[in-house]
Structure formats: structure tokens, C-alpha cells
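Asks: Once you've had a glance at the structure underneath, I'll fire off some questions.
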Amino acid sequence: MMDGQPVLVPSPHMIGGGLAIVVAWLIDGVWGEPPARWHPVVWMGRYLAWAGAWAAPAAPAPPDAARRAWWRGTLAWWAGAAVVVACAVALQAALARLPSVWQGLLLGVCLKPMFAWRMLRDEVAAVEAALARSLSAGRAQVQRLVSRDVHTLDEADVRGAALSTLAENLNDSVVAPLLWFAVAGLPGAALYRYANTADAMWGYRGPRGGRDWTWAGRWAARTDDVLSWLPARLTALLLWGTRPRCASAPTKGHTWRWRQLRAQARRTPSPNGGWPMAALALGLGVGLRKPGVYVLNEAGRAPQPADTACALRWCQSVVSLLAVGALVALLAGLSAEGWR
């Protein structure tokens, strides 16, 4: 209080962080991903590929290799995480010396590689375009997105795999990195992206690529589960709160409830991936399945081309809502700055 007037002190993190998310969102929409040679996530992947060859034994692994593989996988994960976080901390500390606006602009450039909506949207849309040409083209396109065997999938399963990827990666590539950025700045977003990439490359139960990941990838898988726990449920909540208005979606009388979502989400082996996937399945009124693994919303119909278009608009609304939230935080910070 000064001369009877309130003095509001804005948070530099509110201004710089809000501006950074808005800038990252704009860069993603206009230019998409940076070239691979400059992409930090590509660098993470190269390290993980190199370290994984050291950590995971060749398949089939001998029975006595489990403990050694676990220790190697854990140590390799932590070594990479330490470098990622140290670089992010140093970079954010350097930017913190700048005025809030410049800090936010440059922080947004650094945040962008941790956030990938346009690429996800385009890859899912490409699956639908490929299916319009032929089933074999659709299978080849969806193979870019999933690790499952696609050669026996029919048209509905190819489309369903693309929709499942869209839902799961709405969390992994958008909501979770932004949430961890809001919590812990650039180091939080970078650590999450590293953990998620490690899980994608190492988090398998059994052989893959000639190596046995059962124990070598266990730490990577569990860490990603922990870091994704809250974002996955937040993603489902955002989807639940922005249900689509599409001709193909269920009518108001068939809207789904949160406890129904929770029951469906538990059907997947992943403790997190089922939440956004179940939300999408229930909201569209379609069944999503991975043969031999899970079926979500088994009473739903087979997904149609209109469902892909609806799902993309629906997820876009979630991304736009997050961008608007960041813009509101930015404007609130700037408004408070005017009171000083």
C-alpha cells in the first residue's frame, strides 16, 4: 500500500513464462519443428540410442544379466538427465538476466522443441489421407506413429491406431511439457521430454531391435509413468471439458461421465496413456483397440473418416485453450506491472 493505493508486483515468471508459451505456440504453428541437426530431442535420442546399446544386453539375454542391465540402464538414464537439466538450468539462468520481454521471447524459442502439436496433427491427418488412397498406404503411414505390427490391421484399426496416438501424444507432446514448464521452467520441460523419449526408446518388456529391454528400460519406463501421471489426467480433463460438436459425435443424451472415463482408462497396460485415449474414444463414441492388448469403449462404433477430422479439431481446441491461458497469464503480469 502506497499513499492508499495498492502496489502490485508482477511475477517475472508470469510475464516471461506466459510469453514463452505464446511464442512457442506461434513458432510451432508457423514453422513447425526445427531441423534435426538443431533439435534437442533428436540429440537426446542419439544419446539414448548410444547408451542403450551399452545398457541393454543382446537378445535373448542370459538369466544372470537382469541386475547388470538394470544398473546400467538406470545409470545411463541419470547421466543423460543430468546433462539435459544442467544445460537447461544454465540457459534459463543466462536468459534470466534479460528484461522480461526478451527473456520470454528467447525462452519461447528454447521451449518450442519440447512442444510439438503441428507435427502430431499433420502426421495423424496424413494417415487419413493415406487411407483414402489405399489400406496398404494407410498401414505404411501409421507405422510411423506406432510400434505395433500394422500388417494385419484393417481400415478401422489403422484409423483407431492414429486416433490413439493423437490422444496419447496430446499429453506427451503438448500438455505434459507445458505443465512441467509451468512448474519448473525450461529444466522441467526438458527433463520431461528426455524422460518421455527414453521411455519411447527403452520402455519395452522384452526384446526389441535385437536387445532385451526388460530390465535395462525399467527405470526409464517407471520415471515416465511418474512424470506423466498428473498431465495425463489433466489432458483427459481438458478433453472432457471441451467435448466436440461434430455430427459424428454422440448426442447430448449419450455424454459420458468421469467415472466411466476412469473405468475405461484402467483397461490399458499404461497407467497414464489410457486416460486421454479413453476420453477421445468416449467423446467420439468410437471403439479404440489394440488387438490382444486392450479395447476402449467396446460399445462404440468403428471409427470413420469424419471422426479423424472431429478429433483433430477437438485436440486443436485443447491446444488453443492452453495458449489462451498462457496469454491471460502474460496480460495479467503486464497489467500488474503497470501498477508499480
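Asks: Any residue in segment 71-83 that is outside any helix (DSSP H, G or I) and surrounded by 15 or more Cβ atoms within 10 Å (Cβ to Cβ)?
Replies: So far as segment 71-83 goes, no, none of its residues is outside any helix (DSSP H, G or I) and surrounded by 15 or more Cβ atoms within 10 Å (Cβ to Cβ).
Asks: Would you confirm whether any residue within segment 117-133 is assigned to a loop (DSSP other than H, G, I, E, B), closer than 23 Å to V318 by Cβ and either of a type in the set (S, T, N, Q) or in contact with a Ser or Thr (Cβ under 9 Å, 6 or more places away or on another chain) (or both)? Steps first, answer last, please.
Replies: Within segment 117-133, the first condition is being assigned to a loop (DSSP other than H, G, I, E, B), and the residues that meet it are 117.
Now restrict to residues that are closer than 23 Å to V318 by Cβ: 117.
Now restrict to residues that are either of a type in the set (S, T, N, Q) or in contact with a Ser or Thr (Cβ under 9 Å, 6 or more places away or on another chain) (or both): 117.
Yes, segment 117-133 has at least one match.
Asks: Considering only segment 220-242, state which residues are surrounded by fewer than 16 Cβ atoms within 10 Å (Cβ to Cβ) and of a type in the set (G, A, S).
Replies: G241, the sole residue that qualifies.
Asks: If only one of A96, A140 is within 26 Å of the chain's Cα centre (by Cα) and aliphatic (A, V, I, L, M), which one is it?
Replies: A140
Asks: Pull out all pairs, ordered by first then second residue, where Cβ-Cβ is under 8 Å, the residues are six or more apart or on different chains, the first lies in segment 286-303 and is over 11 Å from Q264 (Cβ atoms), and the second is hydrophobic (A, V, I, L, M, F, W, C) and in a strand (DSSP E or B).
Replies: As it stands, the answer is R289/V295; R289/L296; R301/V286; A302/V286; P303/V286; P303/L288, since those pairs meet every condition given.
Residues are listed down the side, and each one gets a yes or a no for (1) out of contact with any strand residue (DSSP E or B) (no Cβ under 7 Å at 6 or more places or on another chain); (2) modelled with pLDDT of 95 or more:
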position: A190; (1), (2): yes, yes
position: R205; (1), (2): yes, no
position: G210; (1), (2): no, no
position: T214; (1), (2): yes, no
position: G217; (1), (2): yes, yes
position: T223; (1), (2): yes, yes
position: L227; (1), (2): yes, yes
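Asks: Continuing with this model, one more query. Considering only segment 139-158, how many residues are surrounded by 14 or more Cβ atoms within 10 Å (Cβ to Cβ) and either in a loop (DSSP other than H, G, I, E, B) or at pLDDT below 95 (or both)?
Replies: Going through segment 139-158 one residue at a time, the tally reaches 6.
Asks: Ok, one more. Does any residue in segment 80-108 that is in contact (Cβ under 8 Å) with a residue 24 or more places away in the chain come within less than 7 Å, Cβ to Cβ, of a residue that is among the hydroxyl-bearing types (S, T, Y) and assigned to a helix (DSSP H, G or I) six or more places away or on a different chain, and which pairs are these?
Replies: So the pair list comes out as G80/Y47; G80/Y194; A81/Y194; V84/Y194.
Asks: Within segment 158-167, does at least one residue satisfy the condition of being free of Cβ contacts under 8 Å to residues at least 40 places away in the same chain, out of contact with any helix residue (DSSP H, G or I) (no Cβ under 7 Å at 6 or more places or on another chain) and not basic (K, R)?
Replies: For segment 158-167, residues free of Cβ contacts under 8 Å to residues at least 40 places away in the same chain, out of contact with any helix residue (DSSP H, G or I) (no Cβ under 7 Å at 6 or more places or on another chain) and not basic (K, R): absent.
Asks: Filtering segment 171-217 down to residues that are touching an Asp or Glu at 6+ places or on another chain (Cβ under 7 Å) and outside any helix (DSSP H, G or I), which residue is nearest to T235 (Cα to Cα)?
Replies: G203
Asks: From (1) of a type in the set (A, V, I, L, M); (2) in contact with a helix residue (DSSP H, G or I) (Cβ under 7 Å, 6 or more places away or on another chain); (3) surrounded by 15 or more Cβ atoms within 10 Å (Cβ to Cβ), pick out the condition that doesn't hold for A65.
Replies: Result: A65 fails condition (2) only.
Asks: Out of the residues in segment 255-278 that are of a type in the set (F, W, Y) and surrounded by fewer than 23 Cβ atoms within 10 Å (Cβ to Cβ), which is nearest to W229 (Cα to Cα)? Outline the logic, then answer.
Replies: Start the filter on segment 255-278 by keeping residues that are of a type in the set (F, W, Y), which leaves 256, 258, 275.
When the remaining residues are screened for being surrounded by fewer than 23 Cβ atoms within 10 Å (Cβ to Cβ), the result is 256, 258.
Values: W256: 22, W258: 17 Å.
Residue satisfying both the conditions and the ranking: W258.
The values are calculated or read from the model by the stated rules, or taken from the named source; none is laboratory data. Just so it is clear, the model here is predicted, and its values are computed rather than measured. Heads up, the Cβs are rebuilt from the backbone with ideal geometry, glycines too, and the neighbour counts pull from every protein chain shown.
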